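Novice: Handing you a structure now.
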Amino acid sequence: MAIARAARLGALFWLLAIAVAMAVSAQSADPLREAYDAGMRAYRADDLEAAARHFERALALARERYGEGDPRLATDFNNLAEVYRLLGRLEEAEKLYLEALSLDRQRGSADPGATATTLNNLALLYRAKKRFEEAEDLYRQALQLLEGNLGPNHPDLARLLNNWAMLKLARGEPQAALELERRALELARRGLPADHPQIRVLEQNIERIRSAVARGAYERGQQRTVRSPQSAGIPVAGYAVHLASMTSEGAARAAARELKQRHDFLRPLDPLPPQPVQIAGKGTFWRVLFGPFADRREASGLCARARAQGLDCFVRELGAGPGSRDG
C-alpha cells in the first residue's frame, strides 16, 4: 500500500506541497514515516532544532531503506537542507540541496515541481551568501520548469516570482524587481481568492519597491552605499526579529549597530527603523528590529541562532500589534 510522504519543504511564501510516495506495510508502524511526520510537526510549530533532529533521522532511515543514490532521497535531502538554511547552517544546507538536485535530475522531468522547489531554496541560500549571479540562474531554471509543468498563468508561479523580485531588489535593480512583482501579483489575483493574505503581502511588496524606485534608494551596484528602504522608513510586509528594547530612538539605533558588529549572523541584514511601543506605567520603549522576512519560519530560524548566542529574541509581524515570544 502506498502512503504519501508529503511534502517537500519550500520557502515560497507558503508551503509548496509535493507528494512523494513510499511503499510501507499498512499493518505496522513505519519508523521512516514517523520521523518524517515528527519533523513536519516541529517545522510547522517553528521548532527548527527539533525539526532538524527528526529530519536527520528520516534521512538516515531513508538511506538504509533505499540505498545511496536513490532518487527518493531527494525530498529528505531538501527538507533537512531547508531547516539547516533557516538555522543558518548554510554550508551544510548547500551540500544537501546539491545532493537533492543531483537526484532530481536523475529522474529527468518526473517531478519538475519538486526540482523547482529545491532550486528556489538554493537560490535563497545563495542570496544570503551574496552569490547573486548563481541565484539568478537558479530562478531562471525554476521558472522554466514551473511554466512547463503548470503553464505560464498558474498562481504557484507568483511565489517564485516574488522571491526573484526580492533578489533583484537586493541587487539594486528596483525596476526589474517591480516588473517581476507585478507579474506575481497579477497571477495571484487571477488564481487566488480576493481575500487571500498573500495577495496583501504582494501588494505591500509592490509599494515597497515603488518607494525604492521613487526615492532613488537603490542604484545599480551601489546597495551598500545608499539608504535601504528599511532605513528610509518605507513600510514593509512580513516579519522581523526583535532583539532588544531601548528608552530612546537614538539608543535603539546604536544598539542595532552594536549587535550587527558583534554577531556575524546579523551582518547580511539591515536594521529596521526602531519601533516605539507604549508600556503601561513605564513609558515609551523603542524596539531594535532586523528584517524583513517574508516567512515567519525565516525569522524563527534567525531567532534560534540569536538564542544560541545568549540573546533574547521575539518574532514580530510587521504592521501588526505586539507579538508573542517565538518558540
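Novice: Among all the lysines, which ones have a C-alpha under 29 Å from Lys282's C-alpha, if same-chain residues fewer than 8 places away are not counted?
Specialist: Correct list for Lys282: Lys260.
Novice: Summing +1 for each Lys or Arg and -1 for each Asp or Glu, what net charge is found among the other residues whose Cβ lies under 10 Å from the Cβ of Leu86?
Specialist: Working: positive: Arg85, Arg89, Arg297, Arg305; negative: Asp46, Glu82, Asp295, Glu298.
Charge balance in the 10 Å sphere: 0.
Novice: Sorting Asp264, Asp295, Asp137 on the 10 Å Cβ count, fewest up front, what's the list? Walk me through the numbers before you get to the answer.
Specialist: Details: Asp264 11, Asp295 18, Asp137 14.
Going from sparsest to densest Cβ surroundings: Asp264, Asp137, Asp295.
Novice: Tell me, Val241, Val213 in order of fewest to most beta-carbon neighbours within 10 Å? Numbers along the way, then the final one.
Specialist: Working: Val241 27, Val213 14.
By the 10 Å Cβ count, ascending: Val213, Val241.
Novice: Points 7 angstrom from Cα along the Cβ direction at Arg105 and Arg267: gap in nanometres?
Specialist: 3.1 nm
Novice: Computed FRET efficiency, Cβ-Cβ of Ala194 and Asp137, R0 30 Å: what is it to the nearest 0.05? If you can, show how the numbers build up before the last one.
Specialist: Working: r = 35 Å, r/R0 = 1.16.
Calculated transfer efficiency: 0.30.
Novice: How large is the charge dipole for the stretch 239-317, taken about the Cα centre, if only the Cβ atoms of Lys, Arg (+1) and Asp, Glu (-1) carry charge, to the nearest 20 debye?
Specialist: On the way: 12 positive and 8 negative charges, 26 e Å.
Taking the Cα centre of the stretch 239-317 as origin, the dipole is about 120 debye.
Novice: Each label point is 7 Å from the Cα along the Cα-to-Cβ direction; what then is the distance between the points at Arg41 and Val277, in nm?
Specialist: Placing both labels 7 Å along Cα→Cβ, they lie 3.1 nm apart.
Novice: Excluding Leu160 itself, calculate the net charge of residues whose Cβ lies under 11 Å from the Cβ of Leu160, where each Lys or Arg counts +1 and each Asp or Glu counts -1.
Specialist: +1
Novice: With label points built 7 Å along Cα→Cβ from the Cα atoms of Arg63 and Gln144, find their separation and express it in nm.
Specialist: Going by the 7 Å Cα→Cβ label model, 3.2 nm.
Novice: Which FRET efficiency value, to the nearest 0.05, is calculated for Glu49 and Leu90 with the Förster distance at 22 angstrom and r the Cβ-Cβ distance? List each step's numbers first, then the result.
Specialist: Numbers: r = 16 Å, r/R0 = 0.74.
Here the calculated transfer efficiency is 0.85.
Novice: Please order Trp164, Trp286 by the number of other Cβ within 10 Å, starting at the fewest. Walk me through the numbers on the way to the answer.
Specialist: Details: Trp164 26, Trp286 21.
Result, fewest neighbours first: Trp286, Trp164.
Novice: What is the extension gain from His154 to Glu317, computed as 0.36 nm multiplied by their sequence separation minus the C-alpha to C-alpha distance, in nm to one decimal? Before the final figure, lay out each step's value.
Specialist: Numbers: separation 163, 0.36 × 163 = 58.68 nm, distance 2.79 nm.
Difference between extended and current length: 55.9 nm.
Novice: Shifting gears a bit: Residue by residue through the stretch 174-186, what is 3J(HN,Hα) from phi via Karplus (6.51 cos²θ - 1.76 cosθ + 1.60, θ = phi - 60°)? Round to whole Hz and write x for glycine and proline.
Specialist: Rounded to whole hertz, the list is x, 5, 5, 4, 5, 5, 5, 5, 4, 5, 4, 5, 4.
Throughout, read-outs are computed from the coordinates displayed, never taken from laboratory work. Owing to the predicted nature of the structure, the values given are computational and were not obtained by experimental measurement. Quick reminder, even Gly has a Cβ in these numbers, built from the backbone with ideal geometry, and neighbours come from all protein chains shown.
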